[in-house]
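A short worksheet on the structure shown next.
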Amino acid sequence: MGIALAALESSVIATAMPTVIRDLGGQGLYALPFAVYLLTSTVTSPLWGRASDLLGRKRLYLAGIVIFLLGSMLCGAATSMVALVAARALQGVGAGAVQTLTFTLVGEMFTLEQRARVQGFFSGVWGLAGLLGPLLGGLIVDHASWRWVFYLNLPFGIPALMLAARCLNGARPVPGGQVPGGQVPGGQVPGGQVPGGQVPGGRVPIDWLGALLFTLGSGLLIWGLEFREWTLVALSALVLGAALWTEARHSAPLLPLKNLRAALPRVGVVGNLLAGAAYFGTISYLPLFAQGVSGQGATAAGAILTPMLLGWTGTSIIAARVLGRLGTTRLILWGFNILVLAFLGLSLAAHAPLWVISAVGFFAGSGMGFAMFTLLIAVQQATPRPDLGAMTSAILFSRQLGGAIGTALMGTLIGQAAISAGGGALADGLQRAFLLALGLVVLAWIMAQTLRGVGKPAPEARQAGSD
């Protein structure tokens, strides 16, 4: 129910926004409810992940749901666009917790085989919500009020809050942010140290300076990319550089950089960044193909994305079923192989009929399902418990950040003139964007080849509960 919150919110709101604008005014702020939600949900996810390593997962998960529901109620009660934007910012903070900690909790509570089945189930929930969300949003707007698009979160959020409060008894680090005796799942760490430089038996300080710099730099980057403010993008690079310098010298950094020295976590983070840029950048502009190139209506513009979503959901479920027999490395490589072929097909089919683009999009989604699903499972299995929240949030953050980067870069390559002109000019612009996406997934494919010599992670259980 918690993951349904995030999935519905990401698909339902777009249907309601034209009506919201007519009701509240502020046409010049049309993009802000989307942008500010993306900003706060993305930049806070690493904060929630690392904080859960130090302070406990359950309490922060509950706090995240409360913040999300409070933001939803304020969105529904908004009387101006400014109030709606502020409420969406608060809602995004809660969403950062719900998404990140849901997958972190699963990574901690289940063995490798169990986790694959549970994550596959979550993928099905996400896919179903993504398919039904736009339809549900349209029905609510047509037959009730756009405000109920936000109030709809309450029937999902309140039961999720009550069930988690009652049934989630553990899945937490040692109380007080302490690490006992240098133990991690799977054995002793040399020298009594756990990855990340945490001192056994001592209280681990939160990296406040690194968190501040990382949040500020990420916020500047996403905001600058969203609104094409390249000065902010350049400034974000300086701030993020300072954040990494600070992180490298802290005992419990927001992002455990030492873990990235190993091939699997490095491929997980960078692969999600590159593939996320290619995939989410593409789905941002594919509806333009339906309307501007093929001359179809809004229904076709939405339907063109359905095969990509079905491909991702379907192969995630399949990967969950076959992971134990085929192993993580093989499924990851399959995923990136399919991605390269799919984006090669898109780059060659920019002038093709709509059904061809839809068919190739299905394979792009299928590649994402195999690669991204399996990478998350594998990285979680290879990550010691004290860093599990930080690494899970790093995977999800890199994918979201990649989407923001890909959307901005593809928009620049397509060009506003081509978007306005439509027809062949727009097809040429989309072809340039698809070629960029192809280059990104080829880079990710090259990185994935380094996993061929990596052994399968030991399938030990990540114990939850009172132990």
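Selection over the stretch 239-256 of residues that are buried (at least 20 other Cβ atoms within 10 Å of the Cβ) and of a type in the set (Phe, Trp, Tyr) gives a count of 0.
Of all the listed residues (51, 78), the sole one being open to solvent by 10 Å² or more (accessible area, probe 1.4 Å) and among the aliphatic types (A, V, I, L, M) is 51.
Just to be sure I understand, how many residues within the stretch 81-111 are farther than 21 Å from residue 126 by Cα and open to solvent by less than 10 Å² (accessible area, probe 1.4 Å)?
Residues that pass the stated criteria total 3.
Tallying residues that are in a helix (DSSP H, G or I) and either surrounded by fewer than 21 Cβ atoms within 10 Å (Cβ to Cβ) or at pLDDT 90 or above (or both) within the stretch 289-306 yields 8. Looking only at residues in the stretch 54-73 that are of a type in the set (D, E, K, R) and farther than 26 Å from residue 257 by Cβ, the one that is surrounded by the most Cβ atoms within 10 Å (Cβ to Cβ) is 58. Only one entry in 195, 155, 159 is at pLDDT 75 or above and open to solvent by less than 50 Å² (accessible area, probe 1.4 Å), namely 159. In the stretch 440-467, which residues are modelled with pLDDT of 85 or more and surrounded by 15 or more Cβ atoms within 10 Å (Cβ to Cβ)? Passing the criteria: 440, 441, 442, 443, 444, 445, 447, 448, 451.
In the stretch 223-238, what count of residues is obtained for those that are open to solvent by 20 Å² or more (accessible area, probe 1.4 Å), assigned to a helix (DSSP H, G or I) and either among the hydrophobic types (A, V, I, L, M, F, W, C) or over 20 Å from residue 403 (Cβ atoms) (or both)?
9
Suppose we filter the stretch 383-395 for residues that are modelled with pLDDT of 80 or more and surrounded by fewer than 24 Cβ atoms within 10 Å (Cβ to Cβ); how many remain?
Number satisfying all stated conditions: 1.
The values are calculated or read from the model by the stated rules, or taken from the named source; none is laboratory data. This structure is a prediction, so every number in the text was calculated from the model and none was measured. When we count neighbours, we look across all protein chains shown, and the Cβ atoms used for this are built from the backbone with ideal geometry, even at glycine. Note: areas computed on protein heavy atoms with side chains; ligands, DNA, RNA excluded. Shrake-Rupley method; radii C 1.70, N 1.55, O 1.52, S 1.80 Å.
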